[in-house]
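Have a look at the structure below, then the notes.
The values are calculated or read from the model by the stated rules, or taken from the named source; none is laboratory data. Just so it is clear, the model here is predicted, and its values are computed rather than measured. Note that we place each Cβ from the backbone using ideal geometry, even for glycine, and neighbour counts take in every protein chain shown. When the accessible area is computed, the model is the full protein with side chains, heavy atoms only, and any ligands, DNA or RNA have been set aside. Shrake-Rupley method; radii C 1.70, N 1.55, O 1.52, S 1.80 Å.
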Amino acid sequence: MLKKIMLLVVQGLLAVVPITLTIYALYWLITSVERTLTPIIPAQYYFPGLGVVTGIVLLFFAGLLVNAYVIKVLLRWGERLFERIPLVKTFYGAIQDAVNLINVGKQQKMQSVVSVQISDSIHLIGFVTNIEGGKTLFKDEEKIGVYIPLSYQIGGYTLYIDRSKVTPLDIDVESAMRIALTGGSQSKSDFDKPESKTD
C-alpha cells in the first residue's frame, strides 16, 4: 500500500514539476521585463503590463533594425571588436554559440541530424555542422564536423569523425535537439514529425 502511495506521489510530482517550472519561468521573465522597463515609462501613462508591451514593441523595432544595411555593418563591426578583446571574446563567443544552438532554425549551422556510431551497440544523436572542417584541420576529406549536445544543459562536444561512422536520421533538427537535451525522454510524437533537413 505504501509503495503504491509513493508511486502515485512520484507520478504526481513528474506531472506537476514541468508545468510549475514553465509557469515560474514565464512569471520571472515577465516580471523582470516589467521591472526593467517601468522606470522609462511616464508614471501618468503606466498600467500593469505596459512594461511587457513596451518590451515587445522594442524587440519588434530591433528586429526591423537588424535587417537594415547600416545596422548590419555596425553589428559586424561590434562583433569584430568583441572578438579582439581578451576574456570578452571568450564570453561573447560562448553566448553567441548558445544562441546559435537554441536557434535551431539556422540550418546552415546544423545541416542534418545524424547518428554517430561510438561502438557496435552505442549510437549518439549529433548534428552535422561542417563538412569541410576535416579537410582544413586534419587534411582528411572523410572527416566531418558533428556537434554532440549534452543532455539537460547547453553544451556539448564537436567531433571530427569519419563519414562511415555517421548515418543520417529521418527527423527534423528541432525534434532531435529536444530528444538530445532531454536525455531521450521524448514522446512518440517526436518521431512522427515530417522530415525537415538539408543535405
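Observations on the model:
- Going through (1) in contact (Cβ under 8 Å) with a residue 12 or more places away in the chain; (2) surrounded by 11 or more Cβ atoms within 10 Å (Cβ to Cβ) one by one, Arg35 falls short only on (2).
- If you check Ile71, Ile23, Ile40 for being in contact with a helix residue (DSSP H, G or I) (Cβ under 9 Å, 6 or more places away or on another chain), among the β-branched types (Val, Ile, Thr) and open to solvent by 100 Å² or more (accessible area, probe 1.4 Å), only one passes: Ile40.
- Residues satisfying the stated conditions in segment 89-111, i.e. open to solvent by less than 60 Å² (accessible area, probe 1.4 Å) and at pLDDT 75 or above: Tyr92
- Residue match in segment 122-134 (condition: over 20 Å from Gln96 (Cα atoms), over 14 Å from the mean Cα position of the chain (by Cα), at pLDDT 75 or above and not β-branched (Val, Ile, Thr)): yes
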